[in-house]
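Since every read-out is calculated from the coordinates, none of them should be taken as a lab result. Since we're looking at a predicted model, the values are computed, not measured. Cβ coordinates were reconstructed from backbone atoms using ideal geometry, including for glycine residues, and neighbour counts include every protein chain displayed.
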Amino acid sequence: MKLIIGLGNPGNEYENTRHNIGFSVIDAFLKQHKIELDKEKFNGVFYKGSDFVVAKPLTYMNKSGKFVKDIAKFFNIDIADILIIHDEINLPVAKAGLLVNGSSGNHNGIKDIMNEFKISTLNRLKIGVGFNNKFKLKDWVLSKFKLDELELLDKNMFKYIDAINCFLYNDIYFAMNLYNHKLKENE
């Protein structure tokens, strides 16, 4: 059983913000698979299929760890079988990468998950949201994408979903080898 979690903040006011790209990728994944998040538990929503669970925490981004740990424990899913999808300011908009090792950097949602599990490695799909140093970090990640950025993300969404689908039926290293070069290029 695999667990795919997209990070974001709940509420319409956060729709199309950089911090919510994890939610956007989950929404596109659900649409492709013709499924929906139909269950609620542990302060989050999820869908459980025969071999995977897809979920979004309903906590705010920086408090995602408890939800991830609770749902993983509930479905007896090992940390190696979890993939977290989140925004990454150190990548240009729409570029992406699968990652196992590496610190949480400035990402408090990832930091909270790592702290809950008491781990230093975590399978992640990082989606580039860029960074403009004229903004404070918090203001930047809570800002909405510009129209051309949304179009670029939309054109590349299939690659993110393909990488997730690959992870569902393989390990993270296989998915990284197959997709990281594709994810670093924009369509």
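Remarks
- Prolate/oblate/rounded label for region 88-187 (Cα gyration tensor, a/c 1.5): oblate
- Efficiency of FRET between Phe75 and Asn12 - r from beta-carbon atoms, R0 22 angstrom, step 0.05: 0.15
- Residue order for Ile113, Ile84, fewest other beta carbons within 10 angstrom first, comes to Ile84, Ile113.
- Taking every alpha-carbon pair under 8 Å whose residues sit at least 6 apart, region 31-187 reaches a relative contact order of 22 percent.
- Candidates per GluC sites (Glu not before Pro) in region 1-67, loop by DSSP, up to 13 other Cβ within 10 Å: Glu15, Glu36
- Cα-based Rg / Dmax (Å) for the chain: 15.0, 46
- Sorted ascending by nearby beta carbons within 10 Å, beginning with the fewest, Glu88, Glu116, Glu185 become Glu185, Glu116, Glu88.
- Order of Val68, Val25, Val45 - criterion: other Cβ atoms within 10 Å of each residue's Cβ, fewest first: Val45, Val25, Val68
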